[in-house]
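Heads up, the thing below is written out as structure tokens.
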């Protein structure tokens, strides 16, 4: 079954722009929407859109970009009807654990109300597939590791994590009540070219390159499951192409490393030693993330392919060229 075109929300962002390009390269028409939130430099997002447009021209595939809010019901319905959209890949969100502590209401509006608005539009438009970009943040400080999709997620420790739990819950409600086909993908610490500048790898590379101190929260033993962007995008497309009617699937590296190890790996790639600004642990930060990816292997035949050191080299090469 050919699914074309696809609406990608958050298309100007990190994961969204890569996903849009991957769809275009394989011949799938893309309709993008983004509100160009000034959470970080909007010029970065504009540049991402230019790259998507270049890819569309090279691939000879249709790309249309709308600037607007996913909470705008009329706009979403207009986009779905005007382009005869067949599927939605929902990646738009107010992102970041730490900023969500300062603006929980704003996170709820965009991440919960916006998701409901898209689900409601999908129900009315008879959308074939709805892919929801969720997060490892839903697991909170769960003691059970690796994190498995069947364990409870009732205690997230940040407003961002709570908003993603709510989004998944609404996704299931719309599947159960209205037979919307939904796959929720829990992303684990995605990195690579175009990564948001506030995230650890981007920030650490930038600071180390300019001889500025790297902020280290806690003793450096916190662990993250870093997953390269190309692996994440491949998982998104596999979910889009699947016949899954409802499920929640982890996409992670299944190889978590400590913060101290990450800093050392970046120093190795840059061949440069850094200085550390030692800071206390931050509220809302999870002690560890570790993805159980057995369901992704079973249902999507998906496994991560890019190890951390290779992904870091790719990121540094991109960063130095920008």
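The values are calculated or read from the model by the stated rules, or taken from the named source; none is laboratory data. On a predicted model such as this, the values are computed, not experimentally measured, just so you know. Every residue, glycine among them, receives a Cβ derived from its backbone with ideal geometry; neighbour counts consider all protein chains shown.
Details
- Subset of segment 93-131 (residues that are crowded, with 24+ Cβ neighbours inside 10 Å and part of a strand (DSSP E or B)): 130, 131
- Each residue in segment 298-312 was checked for being surrounded by 13 or more Cβ atoms within 10 Å (Cβ to Cβ) and part of a helix (DSSP H, G or I), and 5 of them qualify.
- Residue in segment 265-285 that is within 20 Å of residue 195 (Cα to Cα), under 20 Å from the mean Cα position of the chain (by Cα) and in contact (Cβ under 8 Å) with a residue 60 or more places away in the chain present: yes
- Residue 250 under 18 Å from the mean Cα position of the chain (by Cα) and either in a helix (DSSP H, G or I) or closer than 22 Å to residue 16 by Cβ (or both): yes
- Some residue of segment 77-92 being part of a loop (DSSP other than H, G, I, E, B) and under 19 Å from the mean Cα position of the chain (by Cα): yes
- Some residue of segment 266-282 being touching a helix residue (DSSP H, G or I) at 6+ places or on another chain (Cβ under 8 Å), part of a loop (DSSP other than H, G, I, E, B), under 26 Å from residue 142 (Cα atoms) and at pLDDT below 95: yes
- In this entry, residue 285 is excluded by the filter for residues that are within 14 Å of residue 204 (Cβ to Cβ), at pLDDT below 95 and surrounded by fewer than 18 Cβ atoms within 10 Å (Cβ to Cβ).
- Set 52, 70, 33: member being in contact with a helix residue (DSSP H, G or I) (Cβ under 7 Å, 6 or more places away or on another chain), surrounded by 15 or more Cβ atoms within 10 Å (Cβ to Cβ) and either part of a loop (DSSP other than H, G, I, E, B) or at positive phi (or both): 70
- Which listed residue is buried (at least 19 other Cβ atoms within 10 Å of the Cβ) and at pLDDT below 95, from 162, 200: 200
- Single match in 231, 243 (criterion: out of contact with any helix residue (DSSP H, G or I) (no Cβ under 6 Å at 6 or more places or on another chain), free of Cβ contacts under 8 Å to residues at least 12 places away in the same chain and not in a strand (DSSP E or B)): 243
- The listed residue being part of a loop (DSSP other than H, G, I, E, B) and either touching a strand residue (DSSP E or B) at 6+ places or on another chain (Cβ under 9 Å) or buried (at least 22 other Cβ atoms within 10 Å of the Cβ) (or both), out of 12, 20: 12
- Condition met for residue 121 (over 16 Å from the mean Cα position of the chain (by Cα) and at pLDDT below 95): no
- Subset of segment 132-146 [in contact with a strand residue (DSSP E or B) (Cβ under 7 Å, 6 or more places away or on another chain) and surrounded by fewer than 23 Cβ atoms within 10 Å (Cβ to Cβ)]: 145, 146
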